[in-house]
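A quick write-up on the structure given underneath.
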Amino acid sequence: MADSDESGSIDWNSEDDREIEEACVVASSSRPRTPEFEPSRAMEIPASGSSAFRIKDQFRKMGFPEAMVVKAIEGNEGRSEEEILDTLLTYSAIGNDNEAERQSRNEMEHSKDNTLIYLSGDDRYPEEKPDQDEIVAVLVEMGYSEDEVLVALQRCGAETPIDELADFIGAAQMVKESDALAAVNEFTQWHNVSSTTTYSRQHKSCNHIEKKRKLLVPIPKNDGREEDMDVMHLPNPMIGYGVPGEPYAISYRTLPEAARGPPYFYYENVALAPKGVWAKISRFLYEVQPEFVDSAYFCAANRKRGYIHNLPISNRFALKPLPPRTIHEALPSTKKWWPSWDKRTKFNCLQTCIGSAKLTERIRKELEKSDMEPPSLVVQQRVLDECRRWNLVWVGKNKVAPLEPDEMEFLLGFPRDHTRGVSRTDRYKALGNTFQVDTVAYHLSVLKDVYPEGMNVLSLFSGIGGAEVALHKVGVPLKNVLSIEISEINRRILRSWWEQTDQKGTLVELDDVQRVTNDILDKWARNFGGFDLIIGGSPCNNLSGSNRVSRDGLEGAHSSLFFDYFRILDHVRSTGGIYQ
DNA sequence: ACGATTATGAGAGGAACG
DNA sequence: CGTTCCTCTCATAATCGT
């Protein structure tokens, strides 16, 4: 979401509340030099101040993530360095288990979480699980799997008679190798919400007892090979718990006890992160399994992302009007020049860089030189490769061009000219880093009825305000928003939108997430009356495949800010999110 | 100093093949 | 099954022009 490569800015002006502003000035920008770490010498750790920074840097040098260090220091106020180191090692073990710890953790997980999906749920939403339990139980008794039954219920409606549901399931089973059905199976397996081994293609078998037994048997997460432990399987098609227009959706899931809201949280990052990254993120975020969704199901561009959240997942609704889902519908003017041999209907992922003018010129030359209609297959292939790589569109005879910033805004679900007023380069950078609004709005839509009076939102890595725009479009009033975003340009864009849309609430903007301390959080929480939602996508710079230079994983210079997301989230949740 | 422009593959997953 | 081929990826850094 956010850029993280801007530093030196010490702008802590809230521009709204001068009293609070003072509380936001936490430290001077010049951090003290860090001496070499001497483990033999124990010393007292003050809760704050310059030497706390020194200690923090020492531990960071030892390879601990900053958020972890901060958390350890804050939890050990006034204690010795060794005690803090102990705490750090404990955290580290949780985040980066060895084999024994993995084993025991898995056992704990399974005894705790492996319940049938319909047996649990969010008690705050009783309307989400009407008397379906009985229906499910009956159908399961008839030999159908929970997945099938729940899919049928979702598809046919809760009032559907049981025999009709059975018919539907039977029909579904007849669908040969249906992609969507297979996906649901894969998805549920992968999500570990139900462990029905496979969808039985045959009709009701008599082994429902066996099925039922299996349902209670946890799927071992590894079968002996340790590499499998950290591998997070991506669903195909990538529809998460469901997307608009697709018939199959999952409405129930089991959240780990520690993850339940409120306050709610919503975390986002690239789906195709290096191996093990999502497993680690999930371990930190209370073992909630990611929901992987491709925004291609919401707009005309691919955008494969993982979302970890503790929101309810039933009764989601999509924003209206539905955005165009194909290139031709989204950009009708390109149709005139679009050659028939370019079969693209979707854009690839919108990124922060665009194709060069030199490239489009090379393509023009290549096509003119070819002088065939259509060009030779070799030329076609070369041109198409570049068009796909750079998301080029046809704007003239033999002429392609990269997307304009306003076209990207449109595809990503933002209001027209949302990013107007800043340099073209900055617009591309900000847009390449943001949420796809319709996708996120679909997930957040369940909050509309829960918070009719509006929400207090803690928005991390806000960028150009994808979360805020999504909530606004969903119809959730924004009461108070504490937005943290490093880029001054992006903060300006968000504030501009805030004013243009005539928001009634209060927007407070801070810059550096690393310097948002518990005190600051508490202060604003008290001022607002607690946070209802903590939302944000941490930097993907070191996770994205597009990065050829520093794809260093979650511990990378920018992506390690995830640990600040966790630190802040964990603090807000530990206080219950409620202040008086 | 700032904005614009440009060149720069690895790595992972899936499809297609045998 | 394994193997090969195919496709895609919220980017960085050097350089240029003003």
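A short reminder: the numbers here are calculations on the coordinates, not readings from a lab. Since we're looking at a predicted model, the values are computed, not measured. Cβ atoms come from the backbone with ideal geometry, glycine included; neighbour counts cover every protein chain shown.
Name the residue from A:His472, A:Ile520, A:Asn456 whose Cα lies farthest towards the positive end of the charge dipole of segment A:447-557, charges +1 on Cβ of Lys and Arg and -1 on Cβ of Asp and Glu.
Going by the Cα projections, it comes out as A:His472.
Pull out the extension gain between A:Lys358 and A:Val549, defined as 0.36 nm times the separation in residues minus the alpha carbon to alpha carbon distance; nm, one decimal. Don't jump to the answer; show the numbers that get you there.
Numbers: separation 191, 0.36 × 191 = 68.76 nm, distance 2.29 nm.
That works out to 66.5 nm of additional length.
With a/c under 1.5 counting as rounded, go ahead and sort segment A:343-385 into rounded, prolate or oblate using the C-alpha gyration tensor (a ≥ b ≥ c being the square roots of the eigenvalues; past the cut-off, prolate if a/b is larger than b/c, else oblate).
Details: a/c = 3.29, a/b = 1.50, b/c = 2.20.
Oblate, since a/c reaches 1.5 and b/c is not below a/b.
Using 1/(1 + (r/R0)^6) with R0 = 30 angstrom and r between the beta carbons of A:Ala258 and A:Arg388, what's the FRET efficiency to the nearest 0.05?
On the way: r = 43 Å, r/R0 = 1.42.
The calculated FRET efficiency here is 0.10.
Give me A:His558, A:His418 sorted ascending by neighbouring Cβ count inside 10 Å, so fewest comes first.
Details: A:His558 20, A:His418 28.
Placing the least packed residue first, the sequence is A:His558, A:His418.
Using amide H atoms built in the peptide plane, which far-off residues or other-chain residues are under 5 Å from A:Thr254 H to H?
For A:Thr254, whose amide H was placed from the backbone, there are no distant partners under 5 Å.
Which residues does a label at A:Asn348 reach in segment A:546-575, if reach means a backbone N under 11 Å from a point 7 Å past the Cα toward the Cβ?
Label zone hits: A:546.
Could you line up A:Asp438, A:Asp502, A:Asp294 from fewest to most neighbouring Cβ atoms inside 10 Å? Spell out each step's value before the answer.
Working: A:Asp438 21, A:Asp502 6, A:Asp294 24.
By the 10 Å Cβ count, ascending, the order reads A:Asp502, A:Asp438, A:Asp294.
Could you tell me which of the pairs A:Lys280/A:Lys448; A:Lys280/A:Lys343; A:Lys448/A:Lys504; A:Lys320/A:Lys358; A:Lys343/A:Lys365; A:Lys280/A:Lys304 are separated by over 28 angstrom between their Cα atoms in the structure shown? All intermediate terms of the calculation are to be shown ahead of the outcome.
Working: A:Lys280/A:Lys448 31 Å; A:Lys280/A:Lys343 38 Å; A:Lys448/A:Lys504 17 Å; A:Lys320/A:Lys358 39 Å; A:Lys343/A:Lys365 21 Å; A:Lys280/A:Lys304 19 Å.
As for pairs spanning more than 28 Å Cα to Cα, those are A:Lys280/A:Lys448; A:Lys280/A:Lys343; A:Lys320/A:Lys358.
Label-point separation (nm) for A:His233 and A:Glu453, each offset 7 Å from Cα along Cα-to-Cβ?
4.5
Let's see if you can work this out: charge +1 on each Lys and Arg Cβ, -1 on each Asp and Glu Cβ, no other charges. What is the dipole magnitude of segment A:329-412 about its Cα centre, in debye to the nearest 20? Spell out each step's value before the answer.
Numbers: 15 positive and 13 negative charges, 53 e Å.
Rounded to the nearest 20 debye, it is 260 debye.
Calculated FRET efficiency, A:Glu246 and A:Asp519, Cβ-Cβ r, R0 41 Å, to nearest 0.05? Write out the running numbers ahead of the final one.
Numbers: r = 46 Å, r/R0 = 1.11.
Computed FRET efficiency for A:Glu246 and A:Asp519 comes out at 0.35.
For a quick check: with amide H placed at 1.01 Å from N, whose amide H comes under 5 Å from A:Val395's, ignoring anything fewer than 5 positions away on the same chain?
A:Val400, A:Ala401
Provide the gained length on full extension for the span A:Leu377 to A:Glu329, in nm with one decimal, where the gain is 0.36 nm per separating residue minus the Cα-Cα distance. Present the calculation step by step, with values, prior to reporting the outcome.
On the way: separation 48, 0.36 × 48 = 17.28 nm, distance 2.69 nm.
14.6 nm is the gain from fully extending A:Leu377 to A:Glu329.
Under 5 Å between amide H atoms, partner at least 5 residues away or on a different chain: which partners does A:Thr506 have, H built in plane at 1.01 Å?
A:Asn480, A:Val481
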